[in-house]
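Take a look at the structure set out below.
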Amino acid sequence: DVKVTQSSRYLVKRTGEKVFLECVQDMDHENMFWYRQDPGLGLRLIYFSYDVKMKEKGDIPEGYSVSREKKERFSLILESASTNQTSMYLCASSLAREAFFGQGTRLTVV
Amino acid sequence: GQNIDQPTEMTATEGAIVQINCTYQTSGFNGLFWYQQHAGEAPTFLSYNVLDGLEEKGRFSSFLSRSKGYSYLLLKELQMKDSASYLCAVVEGDKLIFGTGTRLQVFP
């Protein structure tokens, strides 16, 4: 079974804090993605990575950065969390015909 | 750029058949996924199409026409547990881009 694991299911952070969301996959997938999902807006792509140390901006990269030091791990970083970053964050990994999601992290910024 | 359209909401009756359409405009098309997402949960993989035609998997089938930029997900013998959101996602190059999803409600 493919496993995409996100480090936290629920997270509450204060405005201005630096926040790390971690995602690990165990299927040797090349591509990894970070999305946020908000009601009425669907899944919006923040960043993706197609190889170690490679990253590409998605549709809404502002306020976020990413790190892919190892193939299995893709981290999303909120340098200074703001209330408008309260959302469900979903990590996915893919290779060819497969694409699987982690369980999601519901982040609340207060 | 990319544009992916799905109906926002649909309703159907238990035991019936429902078709959820997805139209897209992208450059560098590399395939199309369908996902199911129950409220509060992560999306789960249903199907993948990269060539024209129909892919059947039990009660679910997915169709693709690349020339028309069109796909549909067909759900047969609907069950109450099929009430969920259904997400169409297009692979554009290495990117996986989602539509806003279709919320399906199945009534007894």
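The values are calculated or read from the model by the stated rules, or taken from the named source; none is laboratory data. This one's a predicted model, so the numbers in the text were calculated from it and none came from an experiment. Here the Cβ positions follow ideal geometry from the backbone for every residue, glycine too, while neighbour counts run over all protein chains shown. Ligands, DNA and RNA are excluded from the accessible area calculation, which covers all protein heavy atoms including side chains. Shrake-Rupley method; radii C 1.70, N 1.55, O 1.52, S 1.80 Å.
Annotations for the structure displayed:
- Any hit, region A:47-70, residues being touching a Ser or Thr at 6+ places or on another chain (Cβ under 9 Å) and among the β-branched types (Val, Ile, Thr): yes
- Taking region B:1-104 as the region of interest, the strands (runs of 3 or more DSSP E) fully inside it that hold 2 or more residues being open to solvent by less than 60 Å² (accessible area, probe 1.4 Å) and within 11 Å of chain A (Cβ to nearest Cβ) are B:29-37, B:44-49, B:84-92, B:95-98.
- Applying the condition of being farther than 18 Å from A:LEU43 by Cβ and outside any loop (DSSP other than H, G, I, E, B) to region A:79-110 and asking which residue is farthest from the other protein chains (Cβ to nearest Cβ) yields A:THR83.
- Number of the exception - A:GLY16 against (1) within 11 Å of another protein chain (Cβ to nearest Cβ); (2) farther than 23 Å from B:ILE97 by Cβ: (1)
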